[in-house]
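Read-outs: derived from the displayed coordinates by stated rules, not from any lab. Keep in mind that this is a model prediction, so the values were computed, not measured. Here Cβ is always computed from backbone atoms with ideal geometry, including for glycine, and neighbour counts include all displayed protein chains.
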Amino acid sequence: VQLQASGGGLVQTGGSLRLSCAASGLTFSTYSMGWFRQAPGKEREFVAAISSGSSTTYYADSVKGRFTISRDNAKNTVYLQMNNLKPEDTAVYYCAAGRYSARYYRQGNGMDYWGKGTQVTVSS
């Protein structure tokens, strides 16, 4: 299984970025997908998750209303649209895949497969 995240970069406060994660080696349409992030000196934290059929999404309170997770099962790709970015959003962002429900992962359980991450830096 490979999860390749892309789209990170340097952006000013208030700017936007769209992360993409291309998956291979798994039946993508049967997996919940999630985004997590880890800032320097901090633990990895949940950002967003989406169910296999896109019917359900979950967000961390810190990004609710600013970030949107979506997926295209025909392209085996999950996205994270990030708007109104803040310096505290600076982190390495990881995509992940899991065989259980998106709610299961929102509750803090680990996912099955992880990508290598993409750096997002928000300047003040």
**Prompt:** What ratio of Cα Rg to 2.2 N^0.38 Å holds for the chain?
**Reply:** 0.96
**Computed label-point distance, nm, for sites N84 and R103 using a 7 Å Cα→Cβ extension** = 2.8 nm
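Once you charge only the Cβ atoms, +1 for Lys and Arg and -1 for Asp and Glu, what is the size of the charge dipole of the chain about its Cα centre, to the nearest 20 debye?
120 debye
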